[in-house]
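Bear in mind that the values in this text are calculations on the coordinates, not laboratory data. Model, not experiment: these values are computed from the prediction. Using ideal geometry, Cβ is built from the backbone for each residue, glycine included, and neighbour counts are taken over all protein chains shown.
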Amino acid sequence: MTLTRYMNTAEIPAESAPAKTTYFSSINKHLDSANQALSAIDAGNQHLHIDNLAHQDSGFELSNQERYALFDSQGMSRDFIRRHIREERKSFTPAEQHQLALIASRHMLAEIQQRNAEHVALYLSFDGELATEKLIEALWHIGVKTYLPIVHPFCPGHLLFCHYHSESVLIKNKFGILEPKLNVQDVIPTPKLDMIVTPLVAFDGACNRMGMGGGYYDRTLKNSVNNKPFAVGFAHDCQQVSHLPVECWDVPLPLVITPTRRLARS
Ligand SMILES: Nc1nc2c(c(=O)[nH]1)N(C=O)[C@@H](CNc1ccc(C(=O)N[C@@H](CCC(=O)O)C(=O)O)cc1)CN2
Ligand SMILES: Nc1ncnc2c1ncn2[C@@H]1O[C@H](COP(=O)(O)OP(=O)(O)OP(=O)(O)O)[C@@H](O)[C@H]1O
């Protein structure tokens with residue numbers, strides 16, 4: 001059984017929205033196995049786990065009644081969608097955020113392992129973004145090298161990617177986001193990354209991506225050749241919208257992973 005098992009292409013419009021409680025009770029059914037998968041790696045049971053995670057059914061499928069309702073964004077401006085979805089993703093409690101991040105991290109870990117990625121850029125969450133801390137710890141345990149974006153000190157709108165390890169010193173950037181203190185020896189040229197797990201504010205069914213509005217990831221991803229590095233959006237289900245107004249500089253993602261979906265761009 002493959003990961004695509006939990007991809008559900010049917011979209012539920014907002015008017016037939018199930019209550020958030022229904023979404024959470026279906027999510028909770030999958031929490032134990034996600035917890036076990038990630039803590040087995042913590043416990044050093046790596047080898048067994050890598051094999052298991054890569055091949056077992058690590059996904060799940062929600063019925064239309066259980067899934068998070070799609071926000072109908074038709075005709076809305078980018079700015080309005082950005083503000084609305086930022087509020088939506090911030091509305092989860094810390095406990096809900098933790099559960100959702102665990103479940104999604106398990107899926108992302110399986111994706112990283114299946115692709116044999118050795119150098120993976122991620123982000124440290126803020127503003128209600130899906131948290132990556134557990135995923136990063138699991139990657140350290142299995143020997144995958146992790147990197148974080150740094151807002152470029154001289155080149156406005158651009159990012160540098162720096163090695164992130166257990167000894168890294170983190171400082172807040174101008175947006176209040178934690179990033180590694182710049183050390184040139186830690187910088188990796190972007191084409192050397194195998195994967196970039198990108199933050200995003202909103203995405204649609206065609207894997208179009210909208211971020212915080214700085215154009216940082218668009219500038220980074222426009223230089224990808226043959227999907228190297230392979231960019232994967234990591235987001236809450238509530239961040240999917242029915243339609244994103246696309247600009248000429250927007251770079252669509254080949255894949256988006258949420259707690260309940262693996263959405264590949266066709
Ligand atoms: N966790 C995380 N790290 C990331 C990003 C991200 O989206 N998430 N970025 C993705 O690109 C870059 C930072 N880009 C950002 C762009 C705008 C704002 C922001 O908060 N803008 C404010 C206005 C700030 C101001 O005017 O000074 C806002 O919109 O409220 C934050 C991050 C690099 N690191
Ligand atoms: N490749 C590029 N070259 C030059 N300017 C760009 C490029 N990509 C985006 N921009 C500029 O960046 C600004 C912000 O773009 P946009 O609103 O799409 O960012 P975003 O995707 O929301 O942010 P991010 O990628 O940082 O998460 C726009 O004004 C756009 O002109």
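Only lysines eight or more places from Lys29 in sequence, or on another chain, were considered; those with a Cα closer than 20 Å are Lys20, Lys134.
Each listed q (0.15 Å⁻¹) maps to a log10 I(q)/I(0) for region 117-266, found by the Debye formula over equal Cα scatterers with no solvent: -0.75. Compared with the alpha-carbon gap, the fully stretched path from Thr21 to Val169 is longer by 49.4 nm at 0.36 nm per residue. Label-to-label distance for Ser77 and Arg265 is 2.6 nm, based on points extended 7 Å past Cα in the beta-carbon direction. For region 161-175, the residues whose amide N sits under 20 Å from a probe point set 7 Å from the Cα of Gln185 along the beta carbon direction are 161-171.
Cross-link check: pairs Lys174/Lys228; Lys90/Lys172; Lys145/Lys181; Lys181/Lys222; Lys145/Lys174 evaluated at a Cα-Cα cut-off of 24 Å; pairs beyond the cut-off: Lys174/Lys228; Lys181/Lys222; Lys145/Lys174.
Zone of His98 (label point 7 Å along Cα→Cβ, backbone N under 16 Å): which residues in region 20-40? The answer is 28, 31-36, 38-39, whose backbone nitrogens lie closer than 16 Å to the label point. Fewest neighbouring Cβ atoms within 10 Å first, the residues Ile81, Ile196 line up as Ile81, Ile196.
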